[in-house]
Amino acid sequence: MELAAGIDFGGTSAKIGLVSREGRILDRAAVTMDPRESFEGIVAPVELALRGLLGRHPKERLSTIGIGTPGFIDKGEGLLIGGCENIPSLQGRSVQQQLAGAFSVPAYAENDATSAAAGELAFGAGRRFSHFVLITLGTAIGGGLVLGGQVYRGSRGFAAEIGHLCVSPGGLWCNCGSRGCFEQYASGTAIARVYAEKVHKRTGAMEAVTPKDVVARARAGDLSAVDTLEEAAAWIAQAFGSLLNILDLEACIVGGGVSEAGDVLIDPIRRRLPDHCWRQIHDGVEVLAAELHNDAGILGAAAQAWERLPA
């Protein structure tokens, strides 16, 4: 059986999986990672873990390696040229070239949200659509576009930085240097901040919460949490509406940890979306949650490698 290795680099760990063309994860591993380590100190344990997985499946053949990381990645050499401040030693280097040389197979590095879109197209909620947008709601907001049944990467591989759409001119400063960016209002980080502000205003209590806490409390009926997700949904509907008017898409998919809120988040996005785009463009558009959840990183990295591997 031909396999792809899907490798998902996060801020504190790398997840590695062996994935079939049909999207079945045969085996997996995780490597704890110190983001302050050198490039070699981060990549070498990942390489070792992948060799360990392959050693458990001697009858299978590794055909390609897919790598997902935050940031801007040159689509030719796989060089990470910026936007990955949480793993600084990867910047200016190519994990793609390192692993391709180590395993003598083609390797392909991709922005992690673009990888997630490839995963949903191949194995998840995007299978029914040829034109869709995916946003990932986490610490920040990532984005991926599928147009004409293909992942759209743009001229240099940097397309779909949807978290940095301006939704509030003159609004909050963003770490990208711009003001009013979408992710300042609807990312997991923003949702946790807004909820804490609401609770303090309404009760006087000071409480540190995570986005998952807000989701859980909204599902349990906490009105401050429900209001927070309603506000996030309004920003998300605004962003989706703009993209629909430009691209005439079939579906808008919400991924990342916050999407586990389910209908508490998805329903208000659906209700508000018609306010932000032409009726004729909105007709028939589906708004839905991503399907791959915890496996999105591994499956997305593998899917984009399968897609880019020459026939």
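The values are calculated or read from the model by the stated rules, or taken from the named source; none is laboratory data. Remember, predicted model here, so these are calculated numbers, not experimental data. Cβ: placed from backbone, ideal geometry, glycine included. Neighbour counts: every protein chain shown. To get the accessible areas, we keep the full protein, side chains included, count just its heavy atoms, and leave off ligands, DNA and RNA. Shrake-Rupley method; radii C 1.70, N 1.55, O 1.52, S 1.80 Å.
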Original post:
What percent antiparallel are the DSSP beta bridges of the chain, to the nearest 5?
Top reply: 55
Subject >> For segment 131-140, 3J(HN,Hα) per residue [Karplus equation, 6.51 cos²θ - 1.76 cosθ + 1.60, θ = phi - 60°, Hz, x = Gly/Pro] >> reply: 9, 8, 10, 10, 10, 10, 9, x, 3, 10
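Of all accessible surface on segment 119-266 at a 1.4 Å probe, what whole percent is carbon and sulfur?
On the way: 3330 of 6300 Å².
With neighbouring chains kept in place, the figure for segment 119-266 is 53 percent.
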Original post:
Where does each of 170-180, 205-215, 61-71, 258-268 land if you order them by average Cβ count within 10 Å, highest first?
Top reply: 61-71, 258-268, 205-215, 170-180
Subject >> Rounded if a/c under 1.5, otherwise prolate or oblate - segment 6-152, Cα gyration tensor axes >> reply: oblate
Original post:
At Glu286 and Arg127, where each label point lies 7 Å from the Cα along Cα→Cβ, what is the point-to-point distance in nanometres?
Top reply: 1.1
Original post:
Which FRET efficiency, nearest 0.05, do Asp275 and Ile25 yield, Cβ-Cβ r, R0 45 Å?
Top reply: 0.65
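Determine the per residue accessible area of the chain with all protein chains present and a 1.4 angstrom probe, expressed in square angstrom. Mind showing how you got there, number by number?
Details: 13770 Å² over 311 residues.
On a per-residue basis, 44 Å².
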Subject >> Residues of segment 63-83 with amide N under 18 Å of a point placed 7 Å along Cα→Cβ from Glu307 >> reply: 64-79
Original post:
Using mean Cβ contacts within 10 Å as the protection proxy, how do 135-142, 290-297 order, highest first?
Top reply: 135-142, 290-297
Subject >> P(r) of segment 161-311 over all Cα-Cα pairs, binned every 10 Å from zero, in whole percent >> reply: 11, 34, 36, 16, 3, 0, 0
Original post:
What is the distance in Å between the Cα centres of segment 200-271 and segment 1-54?
Top reply: 31
Subject >> Carbon plus sulfur fraction of accessible area for segment 1-75, probe 1.4 Å, in percent >> reply: 52
Original post:
Met33's amide H: which non-local residues (gap 5+, or another chain) put their own amide H closer than 5 Å, with H modeled 1.01 Å from N in plane and none for Pro or chain starts?
Top reply: Ser13, Ala14
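Multiply the residue gap between Leu172 and Met1 by 0.36 nm, knock off their C-alpha separation, and tell me the result in nm, one decimal place. Intermediate results must be reported in sequence, preceding the final value.
Working: separation 171, 0.36 × 171 = 61.56 nm, distance 5.05 nm.
Between Leu172 and Met1, full extension yields an extra 56.5 nm.
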**OP:** Calculate the spin-label point distance for Arg61 paired with Leu247, positioning each point 7 Å from the Cα along the beta-carbon direction, and give it in nanometres.
**Re:** 3.6
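Within 10 Å, Cβ to Cβ, of Gly154, how many net charges do the neighbouring residues add up to if Lys/Arg are +1 and Asp/Glu are -1? Show your work: numbers first, answer last.
Working: positive: Lys75, Arg153, Arg156; negative: Glu161.
That sum, taken over residues with Cβ under 10 Å, equals +2.
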